[in-house]
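Rule-based calculations on the coordinates, nothing more; no lab input. All figures in this text were calculated on a predicted structure; none of them were measured in a lab. We place every Cβ from the backbone using ideal geometry, glycine too, and count neighbours over all the protein chains shown.
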């Protein structure tokens, strides 16, 4: 997953950087886990790794969203993840993830990505949103940020402890 991909040129560089020759230009050392730490059967290992590597990009900001048609046409990109907060900002409603215009843009972007044959991903703040995104065709759904989840967990633990006369 590579963040802030907002042009076709960047998307092409990402794709080529993640794959070995002849599809890409990824650096090669056979003595890594993906090649089982050996140069034995390297040709086969290179082919398998090119086939099994999932290359994802995050399209963030107005410039990336405005070029989504072009970006989604790049060979070698498997997953396009939409920054939902970026979409809300580009729609003129920063942070208002449920605003109708934000939802319309998200839906439009999803259609563009799905029409390109790529996997589509986005972010959700609630389980109901995650289910809705899945049911609408997103195949990769991130549910809340880990930092938010940890904060919420410890805040609830603290409040429970405090309420039980522990503090």
> Which of 99, 39 comes first, and how do the rest follow, when ranked by fewest Cβ neighbours within 10 Å?
Replying inline: 39, 99
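Tell me, 9, 129 in order of fewest to most beta-carbon neighbours within 10 Å?
9, 129
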>> What distance in nm lies between label points placed 7 Å from Cα along the C-beta direction at residue 75 and residue 131?
In response: 4.2 nm
>> Can you tell me the convex hull volume per residue for the stretch 59-167, based on C-alpha atoms, in Å³ to the nearest whole number?
In response: 114 Å³
>> Test of understanding: ordering 110, 150, 65 by Cβ neighbours within 10 Å, fewest first, what list do you get?
In response: 150, 110, 65
>> Over the chain, what is the relative contact order in percent, taking alpha-carbon pairs closer than 8 angstrom and at least six residues apart?
In response: 17 percent
> In whole Å, what is the distance between the alpha-carbon centres of the stretch 13-27 and the stretch 101-124?
Replying inline: 26 Å
> What fraction of the DSSP beta bridges in the chain is antiparallel, stated in percent and rounded to the nearest 5?
Replying inline: 0 percent
> What full-extension length gain, to one decimal in nm, is calculated for residue 28 and residue 7 as 0.36 nm per residue of separation minus the Cα-Cα distance?
Replying inline: 4.9 nm
>> On C-alpha positions alone, give me the angle between the axis of helix 8-17 and the longest principal axis of the chain, in degrees, nearest 10.
In response: 70 degrees
>> On C-alpha positions alone, give me the angle between the axis of helix 42-52 and the longest principal axis of the chain, in degrees, nearest 10.
In response: 30 degrees
> Distance in nm between label sites at residue 145 and residue 37, each 7 Å beyond Cα in the beta-carbon direction?
Replying inline: 3.7 nm
